[in-house]
């Protein structure tokens, strides 16, 4: 594919620079204009502006036409109130009620953080939602609270399994974050496809070819033409069969575990203009880290899995105690006796005989 001039690239004298705050305010006004609630508009505006600020341009303001057209088509509810289900001591389930994933996660994250500090680990499963952004903003707040977090979400079918011809997987990103003493969190976010679908769209818009080996046409033959990929082809997974296996794992943990749709089940054909994948299925687990710079420490174990977290604005919590009162707590048993027992066993003759 020959490189062509980009008619969309503005001249230098046409470029205006906005601060992060100015961009966030502008995006929030756009979301409000198309019918989003104040809470949803604020969350999405900050999310989109942060992606643009940090260089995730395929998930920044480039996504705004897709957000607007998806809302206008009726495909997604921009005023949805998520339902949070307290399923167990270390498990939360969230029904985003056909809304966006980020507001659902924002309202459930305090539950998850509290559970993590009570039990040592927590799983947060979101379904019936639309995820249209980068994944790192989902996990970074956990690391800022002194926790390690990992999250994954499936998408719409746009990637072929290793050796395949028909798209089955989504871009299926996975992200993780960990706190660092004396510095910002360590955060990584990557698609399990060869590249993000948004980057394919940007390449098509700018008249650029894709790298060789990244995509196939409708017959499974290699192509570097982004328009072919978007119209009838598909991306490959990264790393051959290894990336394909990881992408399948994300389908299982992102869709099967949460009760969401698999990527190949997403069908927005009845909603012209829809672009947000309705997999709504992200899974996030977090583990407390001792000595994090935030000073966070695991709290005492709860005597009951049901509680009502502070700041859960507008959410419906199933199994929460009434009136915001928290159940009584019991001090967690010390782990030191167990560690001493393990150390003694390890140094004993039994350990040496096992080796």
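On inspection, residue 62 qualifies as closer than 23 Å to residue 190 by Cα and surrounded by fewer than 19 Cβ atoms within 10 Å (Cβ to Cβ).
When the range 159-187 is filtered for residues that are closer than 30 Å to residue 268 by Cβ, surrounded by fewer than 24 Cβ atoms within 10 Å (Cβ to Cβ) and more than 14 Å from the chain's Cα centre (by Cα), the ones remaining, listed by number, are 160, 161, 162, 163, 164, 165, 166, 167, 168. Within the range 243-288, the set of residues being free of Cβ contacts under 8 Å to residues at least 12 places away in the same chain and assigned to a loop (DSSP other than H, G, I, E, B) comprises 267, 269, 270.
Residue 29: modelled with pLDDT under 95 and either exposed (fewer than 13 other Cβ atoms within 10 Å of the Cβ) or not in a helix (DSSP H, G or I) (or both), yes or no? Here the answer is no, as residue 29 does not meet what is asked. Exactly one residue out of 90, 49 is touching a residue at least 24 places away in the same chain (Cβ under 8 Å) and touching a strand residue (DSSP E or B) at 6+ places or on another chain (Cβ under 7 Å), and it is 90.
The values are calculated or read from the model by the stated rules, or taken from the named source; none is laboratory data. If you're wondering where the values come from, they're calculated on a predicted model, not measured in any experiment. Ideal geometry is used to build each Cβ from the backbone, glycine not excepted, and the neighbour counts take in all protein chains shown.
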